[in-house]
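Chemist: One structure is given below, represented as structure tokens, and several questions about it will come after.
The values are calculated or read from the model by the stated rules, or taken from the named source; none is laboratory data. Bear in mind the structure is a predicted one, so any value in this text is a computation, not a measurement. Cβ sites come from the backbone with ideal geometry, for glycine too, and all protein chains shown count toward neighbours.
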Amino acid sequence: MNDAAPAPTPAPAPRRRARVRAPELIGKGGWLNTGGKELTLADLRGRITVLDFWTFCCVNCLHVVDELRELEERHGDTVVVVGVHSPKFVHEAEHRAVVDAVERYGVHHPVLDDPELATWKQYAVRAWPTLVVIDPEGYVVAQHAGEGHVHAIEKLVTELEAEHEARGTLRRGDGPYVPPEPEPTDLRFPGKALVLPSGNLLVTDTTRHQLVELEPDGETVVRRIGEGTRGLADGPGGKARFNEPQGLAPLPDGRVAVADTVNHALRAWDPTSGEVTTLAGTGRQWWQGSPTAGPAREVDLSSPWDVAWWEGRLWVAMAGVHQLWAYDPESGTVSVAAGTTNEGLVDGPADQAWFAQPSGLAAAGDRLWVADSETSALRWVERAADGDGGEGGEGGDDGGFVLRTAVGTGLFDFGHRDGAAGQALLQHPLGVTALPDGSVAVCDTYNHALRRYDPSSGEVTTLATDLREPSDAVLVEDDIVVVESARHRLTRLRLPEEAVRVESVAHRTRREATEVAPGALRLDVVFQAPPGQKLDTRYGPSTRLLVSSTPPELLADGAGQGTDLSRELVLADGVAEGVLHVSAMAASCDDDPATEYPACHVHQQDWGVPVRVTADGVSRLPLVLAGLDDGAAREG
């Protein structure tokens, strides 16, 4: 018999972290929300710093801005969030546009305007959004691409607080955020508009979280609907609450449907009673694996941006998941109508089509026009004809629909060019309006222009310029009223008989291409489950990897879908450059045996990586989904 006392259980060893010194924060555009102070990493020493690499066109980046609000509130004395604005589109490199976006989306932390992607390159960032955590001593300890990671970052923050409090290297106190002075205007970054049966105009006053009814002059305020603070609350117009509402559409019963974007909900406003109710959504954001059809109040949505009544249902531009959904008021249900959640420009049957942040809708007879913003495209949905193979969405029981493209070529080409639709270019359009002659007007938002596409001739022309970020337009008699979002007003224009002539300009996304060696290229998506979690393998593989390219001929081998996060690609001979499209997903669950019902989390990100084939290029391409890859951290 052994009477010796049992050996004590050893304390867990501290989690090993890569010791990568954080590069300095530099950006030609300077700093916002700091009261004019230029910040350095030395100013942030002693605090836990979270860098949020974002660009304001990107709905996933806007999701992260909202996710970070609670982290900032709960850890405001130890954590400093710094937004590093890294533009995709040419317009996003304009400093005034960044200033507007910071106010428009309620960004309440310092922002570095980095129009030349200098800090982006220093941190080897490859995707919007990306979060980087820097400890109080100035070392990078974690990197996460995509959204949905704030729960893991908060656990890491709690760990870092305890570790550096014990070492005496944590400095508590107020952060460097200095709010800008508010400007008094009747509207503040209005989003969408609607002509009411009375002739008055209804506008979503997005930044103030309200709807505003205006007289037909577009200036005189009749009433405001909504309390004016963020929230999700039904009731009388003066007490209801919205969260950055956008699209509006009339319903057959006389109410107005509202795309309540940041609440991930569809709301309804009754002009007669003034009551606001919720039609669809739970207030929670939809994630992969969640239901895509069912009772409307029980299904999660994701950043609905616009709505339109068409084919007996309310169609929804679900920008947050690159799909169109539909709400059926008779059955009280919602369902996916088109799109796969993959981001890109792929036409065809609705259940196989790809969108990229659809943000504007307009019903016109047998077509539903779509402003597909991230592909700078004008597209339309119509009923599938024999031979189209359309199956509709998950709610499709009526023969199905098919998606087609009028203007636009993909995620990385944009500009301002008129002419034949196949050669014409737009830049991040947010609105589309059906015109009486069968053509459509496009709010070409980042070109500050109103464009026109004529299906009969296949030509694109420019109707008006010098409109500051137009986001929607409505017809009033023989005029068109444009929502000039960044000028905080509605602008009434006479529809011109002749188009405005402009000098053609074409652009590609500003990121530098990654030089890769010809032949074999190893793709590694780096994923490390956050502390206290493990991969969820209860129902099979918990990871997914989808790879494609533009042009398709770039890849001789390796395209397609699989479950391994590493893959050997083969670059084709004779194709010197292109874009690799990579979509990765991993599911993890809490790893605590004492937890009866562990919480599970889905980590997902899409990358578009420009590549150029050169003899001395790299043969490995690491993309960080979550964790810290030493090679990736030191690139650039």
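Chemist: Is it true that residue 563 is closer than 22 Å to residue 354 by Cβ, surrounded by fewer than 21 Cβ atoms within 10 Å (Cβ to Cβ), β-branched (Val, Ile, Thr) and modelled with pLDDT of 80 or more?
Modeler: So residue 563 passes the test.
Chemist: I'd like to check something: does segment 230-244 contain any residue that is assigned to a strand (DSSP E or B) and buried (at least 24 other Cβ atoms within 10 Å of the Cβ)?
Modeler: no
Chemist: A further question on this structure: Of the residues 154, 213, which single one is in a strand (DSSP E or B) and either without any contact (Cβ under 8 Å) to a residue 12 or more places away in the chain or among the acidic types (Asp, Glu) (or both)?
Modeler: Working: 154 fails: in a strand (DSSP E or B).
None of the other options fit; the residue is 213.
Chemist: Moving on. Under 7 Å by Cβ, and 6 or more places apart or on different chains, what pairs join a residue from segment 350-368 that is at negative phi with one that is among the hydroxyl-bearing types (Ser, Thr, Tyr)?
Modeler: 352/340; 354/340; 356/375; 359/373; 362/433
Chemist: Which of the numbered conditions does residue 230 fail, given that it passes all the others? Conditions: (1) out of contact with any His (no Cβ under 6 Å at 6 or more places or on another chain); (2) at negative phi.
Modeler: So the condition that residue 230 fails would be (1).
Chemist: I'm checking my understanding of the structure. Among residues of segment 601-636 that are modelled with pLDDT under 80 and small (Gly, Ala, Ser), which one is farthest from the chain's Cα centre (by Cα)?
Modeler: So the residue we want is 631.
Chemist: If you don't mind, there's one more thing I want to ask. Looking at 20, 50, 65, which one is surrounded by 16 or more Cβ atoms within 10 Å (Cβ to Cβ) and at pLDDT below 95? Even if it seems obvious, please write down each step before you answer.
Modeler: Values: 50 fails: at pLDDT below 95; 65 fails: at pLDDT below 95.
The match here is 20.
Chemist: Next question, about the same structure. Do we have residue 339 as surrounded by fewer than 24 Cβ atoms within 10 Å (Cβ to Cβ) and of a type in the set (Gly, Ala, Ser) here? Spell out the reasoning first.
Modeler: Details: surrounded by fewer than 24 Cβ atoms within 10 Å (Cβ to Cβ): no; of a type in the set (Gly, Ala, Ser): yes.
Criteria not met by residue 339.
Chemist: Taking segment 367-400 on its own, how many of its residues are of a type in the set (Ser, Thr, Tyr) and either touching a Phe, Trp or Tyr at 6+ places or on another chain (Cβ under 7 Å) or at pLDDT below 95 (or both)?
Modeler: 1
Chemist: Also, quick follow-up: Among 194, 170, 201, which is in the same structural domain as residue 102 (by TED's automatic domain parsing) and either within 24 Å of the chain's Cα centre (by Cα) or crowded, with 19+ Cβ neighbours inside 10 Å (or both)?
Modeler: 170
Chemist: If you don't mind, another one. Restricting segment 489-512 to residues that are over 30 Å from residue 125 (Cβ atoms) and assigned to a strand (DSSP E or B), which is modelled with the lowest pLDDT?
Modeler: This residue is 500.
Chemist: Right, residue 335: farther than 25 Å from residue 444 by Cα and touching a Phe, Trp or Tyr at 6+ places or on another chain (Cβ under 7 Å) or not?
Modeler: Yes, satisfied.
Chemist: Could you tell me how many of the residues in segment 332-355 are part of a loop (DSSP other than H, G, I, E, B), farther than 24 Å from residue 296 by Cα and within 15 Å of the chain's Cα centre (by Cα)?
Modeler: The number of residues fulfilling the criteria is 1.
Chemist: If residue 539 passes every condition in (1) among the hydroxyl-bearing types (Ser, Thr, Tyr); (2) modelled with pLDDT under 95; (3) not in a loop (DSSP other than H, G, I, E, B) but one, which one does it miss?
Modeler: (3)
Chemist: Moving on. Please note which strands (runs of 3 or more DSSP E) are completely contained in segment 16-86 and include at least 1 residues that are closer than 22 Å to residue 302 by Cα, of a type in the set (A, V, I, L, M, F, W, C) and in the same structural domain as residue 174 (by TED's automatic domain parsing).
Modeler: Here the list reads 48-54.
Chemist: Counting only residues that are within 22 Å of residue 262 (Cα to Cα) and of a type in the set (Val, Ile, Thr), give me the strands (runs of 3 or more DSSP E) lying completely in segment 89-147 with at least 1 of them. Working first, answer last.
Modeler: Values: elements: 111-113, 130-134, 139-145.
Strands (runs of 3 or more DSSP E) meeting the threshold: 111-113, 130-134.
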